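Taking it in order: structure first as structure tokens, then the write-up.
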Amino acid sequence: MVGMLHLLWGWWLDLFRSDKDLKAENLALRQQLIVLRRAAPRRLRFGRLDRMMFVWLFRQRPEILRAIRILRPETIVRWHRQGYRAIWRWKSHAVGRPKIDRALIALIRRMTRDNFLWGAPRIHGELLKLGFDVAQATVAKYMKNVRRTGGDSQTWRTFLRNHADGIASVDLFTVPTITFETLYAFLILRHRRREIVSITATGSPTADWLAQQMREAFPWDTAPAILIRDNDKKFGTAFKRRLHSMGIRDRPTAYRSPWQNGYVERAIGTVRRECLDHLIVVNERQLRRTLSSFADYYNNCRTHRALAKDAPTHRPVERRGAASKQQILGGLHHRYGRMA
């Protein structure tokens, strides 16, 4: 910057000098340039102000190219074109598409992850309904490289939620007795209200016995449309034949994938944590009676987070009367109500 000011000051002083003095000084400067070029490096470095000065002189007087010795004429022309492109790049940026907010970008990517069936037009339509003024091409741009959680098909959780009204789950779990014998408890659960339809026990769960439990649990036209179970060998030919005769579609889960039957697995965990882990089972008869009592408490009294703190069998709100309690399983649990 100091050199540029010095140059402008010298140019202003030259306006008041004679032609002979200017010609003599011009000759001396040319000679100095010849001397400097002998010792100067092959490639000189020019700052931005230097380039701007040469470009400005070129635009005012193109004939100065004949007098320049420290760089080639095509270099100045190239600098001029670079400046021209930079100006138009700046103008195009100023009037182009505005940048969108980071929160909007995050929303586009979240919509992409949550909805594997949606493309750019669908997400763009949702954004317009939310009051975002954004182009569809911009939405498509930020949808790229987003990993979708759903893949190419719906998840098991989505499938279960969409068909909850017509789905039931079954599973077997073991219960040790006081004499170290093993009993098998069989639980049937409806998904719609997480209701335990049936829970009983036996010492030898054959396919015929399991089929009989299904017939007793769903009389007449109350059978679900779909039954989810694991691949236990106890669900043999007789059991599958019974499902077919009742019009139930058999849907076994994948091998070693208990999470695909998560509702009934969670119900079994509740039975263990809130009942069986606190008792010693004497025999099959006692186990059946205990499971029946807990199932009645589970369906009619116990509140569930998945049901907005309601019971599977709707439990009305009581607002009048004094609060009282009723023992369940000898005081292991209690049911609270109001008495008029």
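With the structure loaded, tell me whether D277 is over 33 Å from the mean Cα position of the chain (by Cα), assigned by TED's automatic domain parsing to the domain that holds G166 and either more than 28 Å from D230 (Cβ to Cβ) or among the charged types (D, E, K, R) (or both) or whether it fails that test. Against the criterion (over 33 Å from the mean Cα position of the chain (by Cα), assigned by TED's automatic domain parsing to the domain that holds G166 and either more than 28 Å from D230 (Cβ to Cβ) or among the charged types (D, E, K, R) (or both)), D277 qualifies. Of all the criteria given as (1) part of a strand (DSSP E or B); (2) outside the structural domain of A164 (by TED's automatic domain parsing), the one not satisfied by R251 is (2). Among all positions in the range 255-276, there is no residue which is farther than 27 Å from P176 by Cα and either touching a helix residue (DSSP H, G or I) at 6+ places or on another chain (Cβ under 9 Å) or modelled with pLDDT under 95 (or both). The number of residues in the range 308-321 that are crowded, with 16+ Cβ neighbours inside 10 Å and touching a residue at least 40 places away in the same chain (Cβ under 8 Å) comes to 1.
Every residue, every condition in (1) among the aliphatic types (A, V, I, L, M); (2) under 30 Å from R288 (Cα atoms); (3) at pLDDT below 75, yes or no:
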| residue | (1), (2), (3) |
| --- | --- |
| P98 | no, no, yes |
| T112 | no, no, no |
| Q154 | no, no, yes |
| G166 | no, yes, no |
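Taken over the range 166-199, the criterion of being surrounded by fewer than 20 Cβ atoms within 10 Å (Cβ to Cβ) and polar (S, T, N, Q) is satisfied by T174, T177, T179, T182, S198.
To keep it simple, each residue is scored yes or no on (1) in a helix (DSSP H, G or I); (2) within 33 Å of the chain's Cα centre (by Cα).
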{"position": "W259", "(1), (2)": "yes, yes"}
{"position": "Y263", "(1), (2)": "yes, yes"}
{"position": "A267", "(1), (2)": "yes, yes"}
{"position": "R289", "(1), (2)": "yes, no"}
{"position": "P312", "(1), (2)": "no, yes"}
{"position": "G330", "(1), (2)": "no, no"}
{"position": "H334", "(1), (2)": "no, no"}
{"position": "G337", "(1), (2)": "no, no"}
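The values are calculated or read from the model by the stated rules, or taken from the named source; none is laboratory data. On a predicted model such as this, the values are computed, not experimentally measured, just so you know. Note that we place each Cβ from the backbone using ideal geometry, even for glycine, and neighbour counts take in every protein chain shown.
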